[in-house]
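These notes are about the structure you will find just below.
The values are calculated or read from the model by the stated rules, or taken from the named source; none is laboratory data. Remember, it's a predicted structure, so these values are computed and weren't measured experimentally. With ideal geometry, Cβ positions are generated from the backbone for all residues, glycine too; neighbour counts draw on all protein chains shown.
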Amino acid sequence: MAFLALAGQKSMMALQKNFLQFQVMSLMNQVQYAASQMTAIKREYASQEGAEYTDDADFIYYENLEEQLETEKELLENQITAIDNEIGGLKTLVNNNIKSSCTLNLASGS
């Protein structure tokens, strides 16, 4: 019956993975927004002679925000990979435990 506990743990990890994937999607949307804001600032400065968009405070803010969000996204993706590895290990444990349990039942039933 230990396989039931392992299966429950595997399900919990799958939920954690789904939550992290949702967070990654949210971060990707925020990165897209920051990128679109930077593009808009670049366009605004393109029409002005001698002005440099890289000195614009808003551009610098969105550039830093984008870098921070990308770093957070990478960290979450690493966590998802680790959870995937643990889920794979739990699947193996569950399968092995079920096989052992069935073998034990067949052997003791004889």
Set GLU74, GLU49, GLU86: member being touching a Lys or Arg at 6+ places or on another chain (Cβ under 9 Å) and of a type in the set (Asp, Glu):
GLU86
Selection from segment 31-52 of residues that are surrounded by 11 or more Cβ atoms within 10 Å (Cβ to Cβ) and assigned to a loop (DSSP other than H, G, I, E, B):
ALA51
Give the residues of segment 59-105 that are at pLDDT 85 or above, more than 30 Å from ALA35 (Cα to Cα) and of a type in the set (Gly, Ala, Ser), sorted by residue number.
GLY88, GLY89
